[in-house]
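Written out below as structure tokens is the structure these notes cover.
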Amino acid sequence: FFKGGFAKYEQERSRADIEGSTSKLSAHLRIGTLSPNELYYKIEGSNLDYNDRKTFSRRLVWRDLAYFHLFAFPDMRDVSIRKHYDNIEWCSKEEEEKRFDAWKKGQTGFPLVDSGMRELYTTGWMTQSVRMVVASFLVEYLRVNWVKGCEWFHYTLVDADSAINPMMWQNAGRSGIDQWNFVMSPVAASQDATGSYTRKWVPELSKLPNSILHKPWEAPAQVLQAAGVVLGETYPTRIISDLKGERAMSVGAVLEVRRQNQQFNSDRGYDLIQLPGGKQTVVFTKKEFRIDQQGVVIKEASQNKNSKGNSDSGGRGRKGKAAQKKLLRQKAAAKN
């Protein structure tokens, strides 16, 4: 990997269709055949500039962050760090089992998701970008409890780790320290721009053109026929068809549990969690989940107006940091 893929990692790490785009060293780190110290100094001793190796380095640091989380929250494998999120309403029990079973078997009718899940069960591994796609799909669109996904990953992954795996699933499930500030599309498929990944793991769609490979339900009948695809027979129909509607219900479930637990809501709409010592602290909360003390979603314009003082978010992200720098420049100019 260090002879070839490492130099291209920063640009290609999200590509499941490019061989060698990731190191696949996670299993060795997990079972101890590779020391994280050795890997760290290998990275630092490379000839690459910081910007060309920063993400790879950060992911090694995130590994230790996961262990810190597990130390602080030893039950994080199946108990939400934002404990009130354990009461989130998922889809109905029978429907949840149906959706979860299709997801596990790579039979959801969404080719990129199915490719990832089939690769996982066959090899015990998939690249991080695809793990995020399938996790986001399970929680945000199928509305299945993240604990189920976490357990399935732990059962199937060769690099299954009791700290790293739950940290990812907690964040995907919105209940972790660092909620994912994004939702991965199960259709856009930037992780498989050439289509080779999907054609490998979902060969029944291999003859479809790239334009509709990841969304075969949009293909004209003659195109499906020419490719030998019969939806519902040779390949499953979509287990859900209204992505927007399912996502709206997912967001609504989080908002409802937050409204019912105002004791864990800061005065600016951010979640509060309890640390092991009993102290409460603010954690990042996505804009769409931020509510006021009456349970009303805080609109961005209103929030910006009220955030001229201290911010619970601490200037999170590039926009926050840019605003802080601008404020400092303005203060310096005023002094001059």
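The values are calculated or read from the model by the stated rules, or taken from the named source; none is laboratory data. Values in this document were obtained by computation on a predicted structure and should not be read as measured data. In this analysis, Cβ positions are derived from the backbone assuming ideal geometry, glycine residues included, and neighbour counts consider all displayed protein chains. These area figures cover heavy atoms from the full protein model, side chains too; ligands, DNA and RNA do not enter into them. Shrake-Rupley method; radii C 1.70, N 1.55, O 1.52, S 1.80 Å.
Solvent-accessible area assigned to carbon and sulfur over the chain amounts to 51 percent, based on a 1.4 Å probe.
Only helices enter the 222 nm calculation for the chain: every DSSP H run of n ≥ 4 contributes -39,500 (n - 2.57), and dividing by all residues gives -13500 deg cm²/dmol, rounded to 500. Using the Cβ-Cβ distance between Lys207 and Phe68 with R0 set to 56 Å, the FRET efficiency from 1/(1 + (r/R0)^6) comes to roughly 0.70.
Net length available on complete extension from Ala160 to Asp101 is 19.2 nm, with 0.36 nm assigned per residue and the Cα-Cα distance removed. Quote the Stokes-Einstein diffusion coefficient, in whole µm² s⁻¹, for the chain, based on the Kirkwood radius over alpha carbon pairs, a temperature of 25 °C and a viscosity of 0.890 mPa s. Answer from the Stokes-Einstein relation: 112 µm²/s. Taking 7 Å steps out from each Cα toward its Cβ at Ser266 and Asp178 produces label points 1.7 nm apart. Annotation for Glu288 and Ala221: the two label points, set 7 Å from Cα along the Cα-Cβ direction, are 3.6 nm apart.
Highest-first packing order for the peptide set 224-230, 149-155 is 149-155, 224-230, based on the mean count of other beta carbon atoms within 10 Å.
Ligands, DNA and RNA are left out, and with a 1.4 angstrom probe the accessible area of the chain is 52 Å² per residue. In terms of the mean number of neighbouring beta-carbon atoms within 10 Å, the peptides 203-210, 28-35, 76-83 order highest first as 76-83, 203-210, 28-35.
I'd like the distance between the alpha-carbon centres of the range 121-174 and the range 43-59, rounded to an integer number of Å. First find each Cα centre; the distance between them is then 26 Å.
Taking 45 Å as R0, compute the FRET efficiency from the Cβ-Cβ separation of Asn47 and Lys279 and round it to 0.05. Mind dumping the intermediate values first?
Working: r = 45 Å, r/R0 = 1.00.
Given R0 = 45 Å and the Cβ-Cβ separation, E is 0.50.
Computed from phi, the 3J(HN,Hα) profile of the range 190-201 under the Karplus parametrisation 6.51, -1.76, 1.60 (θ = phi - 60°) reads 5, 6, 9, 4, 7, x, 5, 5, 5, 5, 6, 9 Hz, with x in place of Gly and Pro. P(r) tail for the range 1-109: Cα pairs beyond 21 Å make up 58% of the total. Toward the positive end of the charge dipole of the chain, with +1 on the Cβ of Lys and Arg and -1 on the Cβ of Asp and Glu, the farthest Cα among Trp146, Phe68, Tyr197 is that of Phe68.
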